[in-house]
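Enquirer: Before I ask anything, let me first share the structure, which is written out below as structure tokens.
The values are calculated or read from the model by the stated rules, or taken from the named source; none is laboratory data. Every value quoted in this text rests on a predicted model; they were computed, and no experiment measured them. No Cβ is skipped: glycine too gets one built from the backbone with ideal geometry, and neighbour counts run over all protein chains shown. Ligands, DNA and RNA are stripped out before the accessible areas are found, and what is left, the full protein with its side chains, is counted by its heavy atoms. Shrake-Rupley method; radii C 1.70, N 1.55, O 1.52, S 1.80 Å.
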Amino acid sequence: MTAPAGIALSGLSKTFTGRGKRIEALRDVTLTCPPGSFTALIGPSGCGKSTILRASLGLEPVDTGRVEIAGRPPAQATAAGLTGVAFQDAGLLPWRSVSRNIALPLEVLGRDVGSATGRIRDLITLVGLSGYEDALPGELSGGMRQRVAIARALVSEPRVLFLDEPFGALDQILRRQMNIELQRIWAETGATTLLVTHGIDEAVFLADRVAVMQANPGRIVEVIEIDLPRPREPSLFSAPHFHELCDRIAGVLHGG
Amino acid sequence: MAGDLRRWLPPVLLLLAWEVAGRLDLVASGALPALSEILSRLWQDRADYPAHVSATLAASGLGFVIGNALAVLAGLIFVLSPVTERLARGVNIAIFTLPPIAIAPILTLTLDGMTPRIVLAALGVYFVTMQATVTGLTQYDSRAADVVRAYGGGRGAVLRLVRVRGAVPAILSGFRVAAPNAVLGAILAEFGGGGRFGLGAYLLGSLGRGEPDRLWGIGLAATLIAGLSYAVFAVISRRMLGASLSLSLNPAGPEAEAGGRMSPLIGLGAVAMPFVLWWVILWVMRVPEMLGKTPWGVFDYLFLAEGAPVARERLLAALAETLPITLAGMAAGLAFAFGLAVAGRLTPTFTRVFLPVAIVTQTMPLVALTPLLVLLLGRGTAVTLWITISVTFFPAYVMIAQGIAQVPRAALELPRAYGASGWRELRLVTLPASLPWLFAAMRLTAPRALLGVMIAEWLATGRGLGNLLNQSRGYLDFGMIWTVAVVSVMLSVALYLAALWIERLVMTRKGIGAME
């Protein structure tokens, strides 16, 4: 085990200027995710959730503030292979088979793909796609593609996992299944996870803490601790305390 | 079964009608022979063909390879360095618009043997493939690129892992469209050159003898070569792409790279570049001054030299003949194409039958078509007009019809869902949706219209710029050969830019970006 890897965002601000209008995408966003924790980021469309995630990965520059992943700036942390990511859109390369798509991060990181064959096969099994190793993305359904993206996010054995609405395009049933799977994967790997979502129940089911955002300007208004015991079972979705927490978050979301 | 019948019936009927009309000499007193007559003549002439076909194939094949290699390389450079792309824009537009027939004489006078044919074939494929490469490399899936960048991948990694392979379908379709151009270029160079072998030389040699069945045979052979080259790449791209095509890519492409305004200096450089290149090529190849006119040489010939007023007068007279008919033919061809494509929305069966026919004509080399039209229509002005109309009509029709086909079903069905009639739906959705395609077609067919007119003038009517070029070639009037070449290229560029300007104007007013 390497040194514990958390996420520390401090004072992130970003302003877009488009067509003469200034849009304050982020204002003074500070968030600390302790090593091994699961944090959900929830908020209305356009509140800057995805911008936070992209900034954490160094995909988007910020005007002010600092990002540290395992104590390092994002460019260093990502190039060192500490991070894994899955976006809302699977973003698979249509000419690569499922296994070769999953291997992509290894190639970018300059790691040996050949020695990871077994691991890739295990990941394919983990996301329930056994038998589809050589299928092309065009032959898969939307849900299957999304699962490939999850497997791809895990292939580099990341210490920090970023998930940007990875189940946003899935139907409710599949989404529940994937939530249960994700909890299991997270427990097994122990990776610090930041999940961007707009599903309240998803956030409560999975996270240790839910950071609620509001738009104009994009900011975190409250961080709510989720004190539900783990492992969390599917039956939790109908437990009263679960709904209390959901209602509380909904209250903060609509609060003002 | 019924579907098969419906698919095969129209072409079979067409062939049958052709056969009957040809056998009975119904069209222009025998100018259109029956297919069986053409084929039997082909069989009689079979000893002639191998030498001609292989000469044309060799030149167009070599030109195709060289031109495409340069085009892919240039596309890559333009994508990596936008400034270079801006600087080369003038050269690119000139290469795209230049009527090959205008520079064929220059090439045959300054280069030896097969080289002119190869150069013209390469020039014919360059722009199409270059553009396809740029498009393919620019419109990549931004999400996939994000994934690469999220693991610390830089521009190089994104290019290597996402963009290059992602551009392959676009480049292959570029090859497919470019292949018939290579054949056309090689044949046009054969017209201007003195070589014995090649389908163009064969065609030219047979033109005076008034044997329709042989001319049709040569035309058929040329079309077949061009069509086969198109088909070969169609098959290759289908094989290579297979299932990988069916995944819809992220339609929100990456942001337009570093748009911004062109600095005036770069704009000036883009205009100057073609002239500089012209000068440099002459200098590097050590073309004798008498043969190779520099930009200054052409200026001198037109404005300063002793015979300048006469030269100007002849040029203007030729222009006065060529320009009106080019514009009229283009306008008629475009109007016809637009009307037919839009009306096709109301009668989908018509589009289903006619579109494939129109697509096939795209592979028919213009030069092979011209003598046939001459046979059918005689040597008057009518033939020029018809050639111009046909070279603008078919590509424009294909483009607009395919453009309309891309309108999302939901958008088409929305007015219907509110009980709108076919006409109203046409006015509300189809017409506005097809307008951008009309303008794109106008821009892309303008150079072809001029080429069509010049070929007709050269081969048939003995008027205008085409004829002036052909005459000057006979008299070895190098000053005039260069002048006509330069003027026709500039005219072509001007037509293109005018079309682009109108397109921008209308589209901006309508709030739609012009399609590059």
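Enquirer: Could you tell me what % of all Cα pairs in segment A:62-201 have separations over 21 Å?
Expert: Values: 4004 of 9730 pairs.
Summing the P(r) of segment A:62-201 above 21 Å gives 41 percent of all pairs.
Enquirer: For segment B:37-126, how big is Rg over Rh, using alpha carbon atoms and the Kirkwood form of Rh? Before the final figure, lay out the partial values.
Expert: Values: Rg = 17.4 Å, Rh = 15.2 Å.
Rg divided by Rh gives 1.14.
Enquirer: Calculate the FRET efficiency for residue B:320 and residue B:475 from the Cβ-Cβ distance with a Förster distance of 25 Å, rounded to the nearest 0.05.
Expert: Numbers: r = 21 Å, r/R0 = 0.85.
In this case the efficiency is close to 0.75.
Enquirer: Quick one: of the DSSP bridges fully inside the protein assembly as shown, what percent are antiparallel, nearest 5? Kindly include the intermediate steps, with their values, before the conclusion.
Expert: Values: 21 of 39 bridges.
Antiparallel: roughly 55 percent of the beta bridges in the protein assembly as shown.
Enquirer: Applying 1/(1 + (r/R0)^6) with R0 = 41 Å to the Cβ-Cβ distance of residue A:254 and residue A:63, what FRET efficiency is obtained, to the nearest 0.05? Write down the numbers at each step before the final one.
Expert: Details: r = 29 Å, r/R0 = 0.70.
In this case the efficiency is close to 0.90.
Enquirer: Counting only protein heavy atoms and a 1.4 Å probe, tell me what percentage of chain A's accessible area is made up of carbon and sulfur.
Expert: Working: 5520 of 10720 Å².
Here carbon and sulfur together make up 52 percent of the probe-accessible area.
Enquirer: Tell me, what is the Rg over Rh of segment B:305-516, with Rh the Kirkwood radius over Cα pairs? Intermediate results must be reported in sequence, preceding the final value.
Expert: Numbers: Rg = 20.1 Å, Rh = 18.8 Å.
That ratio equals 1.07.
Enquirer: Assigning unit charges at the beta carbon (Lys, Arg +1; Asp, Glu -1) and nothing else, what dipole magnitude in debye, to the nearest 20, does segment B:134-197 show about its Cα centre? Can you show the working numbers first?
Expert: Details: 8 positive and 3 negative charges, 46 e Å.
The dipole of segment B:134-197 has a size of about 220 debye.
Enquirer: Highest first, please rank the peptides B:109-121, B:316-328, B:176-188 by the mean number of other Cβ atoms sitting within 10 Å of their residues. If you can, show how the numbers build up before the last one.
Expert: On the way: B:109-121: 21.7, B:316-328: 17.6, B:176-188: 28.5.
Taking the mean over residues of other Cβ atoms within 10 Å, the ranking is B:176-188, B:109-121, B:316-328.
Enquirer: Another question, then. Give me the number: length gained by fully extending residue B:228 to residue B:335, i.e. 0.36 nm times residue separation minus the C-alpha to C-alpha distance, one decimal in nm. Walk me through the numbers on the way to the answer.
Expert: Numbers: separation 107, 0.36 × 107 = 38.52 nm, distance 3.06 nm.
So the extension gain works out to 35.5 nm.
Enquirer: Moving on to the next point. At q = 0.13, 0.22, 0.24 Å⁻¹, what is the log10 ratio I(q)/I(0) for segment B:90-154, with the Debye formula run over Cα points and no solvent?
Expert: So the normalised log intensities work out to -0.54, -0.92, -1.01.
Enquirer: Send over a whole-number figure in Å² for the accessible area per residue of the protein assembly as shown, probe 1.4 Å.
Expert: 46
Enquirer: Related question: Show me you know the interface measure: the accessible area buried between B and A, both chains summed, probe 1.4 Å, in Å² to the nearest 100. If you can, show how the numbers build up before the last one.
Expert: On the way: alone 25830 and 11780 Å², together 35410 Å².
In total, chains B and A hide about 2200 Å² from solvent.
Enquirer: Okay, moving on. Going by average Cβ neighbours within 10 Å, how do the peptides B:387-397, B:432-442, B:348-358 rank, with the highest at the top? Walk me through the numbers before you get to the answer.
Expert: Numbers: B:387-397: 25.0, B:432-442: 21.0, B:348-358: 14.9.
Taking the mean over residues of other Cβ atoms within 10 Å, the ranking is B:387-397, B:432-442, B:348-358.
Enquirer: Which one, B:334, B:450, B:472, projects farthest toward the positive side of the charge dipole computed for segment B:305-516 from Cβ point charges (K/R +1, D/E -1)?
Expert: Final value for the positive-end residue is B:334.
Enquirer: Of A:102, A:42, A:226, which is the most mobile in a GNM of chain A whose springs link Cα atoms less than 10 angstrom apart?
Expert: A:226
Enquirer: What are the radius of gyration and Dmax of chain A, computed over its Cα atoms and given in Å?
Expert: 18.1, 53
Enquirer: Eigenvalues of the Cα gyration tensor times 5, then square-rooted: what semi-axes does that give for segment A:126-206, in whole angstrom, largest first? The partial results should precede the final answer.
Expert: On the way: eigenvalues 81, 53, 23 Å².
After scaling each eigenvalue by five and taking roots: 20, 16, 11 Å.
Enquirer: On to the next question. Averaged over every viewing direction, what's the projected area of the C-alpha convex hull for segment A:1-126? Give it in nm², one decimal, please. Before the final figure, lay out each step's value.
Expert: Details: hull surface 40.1 nm².
If you wrap the Cα atoms of segment A:1-126 in a convex hull and average its projections, you get 10.0 nm².
Enquirer: How much of the pair distance distribution for chain B lies past 34 Å, counting alpha-carbon pairs only, in percent? Working shown, then result.
Expert: On the way: 54146 of 132870 pairs.
Pairs farther apart than 34 Å: 41 percent.
Enquirer: Between A:74, A:234, A:137, which gets the highest mean-square fluctuation from a Gaussian network model of chain A, Cα cutoff 10 Å?
Expert: Largest GNM mean-square fluctuation: A:234.
Enquirer: How large is the Kirkwood hydrodynamic radius of segment B:26-292, in angstrom, based on all distinct alpha carbon pairs?
Expert: Working: mean 1/r = 0.0476 Å⁻¹.
One decimal place: 21.0 Å for the Kirkwood radius.
Enquirer: Can I get the semi-axes of segment B:410-470's equivalent ellipsoid? Compute them from the C-alpha gyration tensor as square roots of 5 times the eigenvalues, in angstrom, largest first. Walk me through the intermediate numbers first.
Expert: On the way: eigenvalues 393, 22, 8 Å².
Each semi-axis is the square root of five times an eigenvalue, giving 44, 10, 6 Å.
Enquirer: Counting other Cβ atoms within 10 Å of each Cβ, which GluC sites (Glu not before Pro) in segment A:171-245 have at most 16 and sit in a DSSP loop? Don't jump to the answer; show the numbers that get you there.
Expert: On the way: sites: A:181, A:188, A:202, A:222, A:225, A:244; in loops: none.
Those that pass, being in a loop and sparsely packed, number zero.
Enquirer: At 10 °C and a viscosity of 1.306 mPa s, what translational diffusion coefficient does Stokes-Einstein give for the protein assembly as shown, taking Rh as the Kirkwood radius over Cα pairs? Give it in µm²/s as a whole number. List each step's numbers first, then the result.
Expert: Details: Rh = 30.2 Å.
It comes out at roughly 52 µm²/s.
Enquirer: Another one. Given Cβ point charges of +1 (Lys, Arg) and -1 (Asp, Glu) and nothing else, what value in debye, to the nearest 20, does the dipole of chain B about its Cα centre take? Intermediate values should be presented prior to the final figure.
Expert: Values: 39 positive and 26 negative charges, 263 e Å.
Dipole size: approximately 1260 debye.
Enquirer: Segment B:355-478: percent of C-alpha pairs farther apart than 23 Å?
Expert: Details: 3642 of 7626 pairs.
Roughly 48 percent, once rounded to a whole number.
Enquirer: Taking chain A as a Gaussian network, Cα atoms linked when under 10 Å apart, which of A:103, A:116, A:70 shows the biggest mean-square fluctuation?
Expert: A:116
Enquirer: Further question on the same structure: Roughly how many Å² of residue A:13 are accessible to a 1.4 Å probe, to the nearest 10?
Expert: Surface accessible to solvent at residue A:13 totals approximately 30 Å².
Enquirer: Given contacts defined as C-alpha pairs under 8 Å and at least six residues apart, what's the relative contact order of chain A, whole-number percent? Each step should come with its number before you reach the end.
Expert: On the way: 485 pairs, mean separation 68.0, N = 256.
Computed over chain A, the figure is 27 percent.
Enquirer: Set Lys and Arg Cβ to +1 and Asp and Glu Cβ to -1, take the dipole of segment B:26-292 about its Cα centre, and tell me which of B:148, B:32, B:111 lies farthest positive.
Expert: The residue sitting farthest along the positive end of the dipole is B:148.
Enquirer: OK, next. Can you compute the FRET efficiency between residue B:506 and residue B:427 using 1/(1 + (r/R0)^6), with r the Cβ-Cβ distance and R0 = 22 Å? Round to the nearest 0.05.
Expert: Values: r = 17 Å, r/R0 = 0.78.
It comes to 0.80.
Enquirer: Compute the distance in nm between two label points, each set 7 Å from the Cα along the Cα-to-Cβ direction, one at residue B:39 and one at residue B:281.
Expert: For the pair residue B:39/residue B:281, the computed spacing is 4.3 nm.
Enquirer: Run the simple label-point estimate for residue B:303 and residue B:413 please: 7 Å along Cα→C-beta, distance reported in nm.
Expert: 6.3
Enquirer: Output the relative contact order of chain B, whole-number percent, from Cα pairs under 8 angstrom with separation of 6+ residues. Let's see the in-between values first.
Expert: Values: 686 pairs, mean separation 93.4, N = 516.
So the answer I get is 18 percent.
Enquirer: How big is the gap, in Å, between the Cα center of segment A:43-104 and the Cα center of segment A:124-172?
Expert: First find each Cα centre; the distance between them is then 16 Å.
Enquirer: Using the basic label-point model (7 angstrom from Cα toward the beta carbon), what is the residue A:125 to residue B:58 distance in nanometres?
Expert: Placing both labels 7 Å beyond Cα along the Cβ direction yields 6.2 nm.
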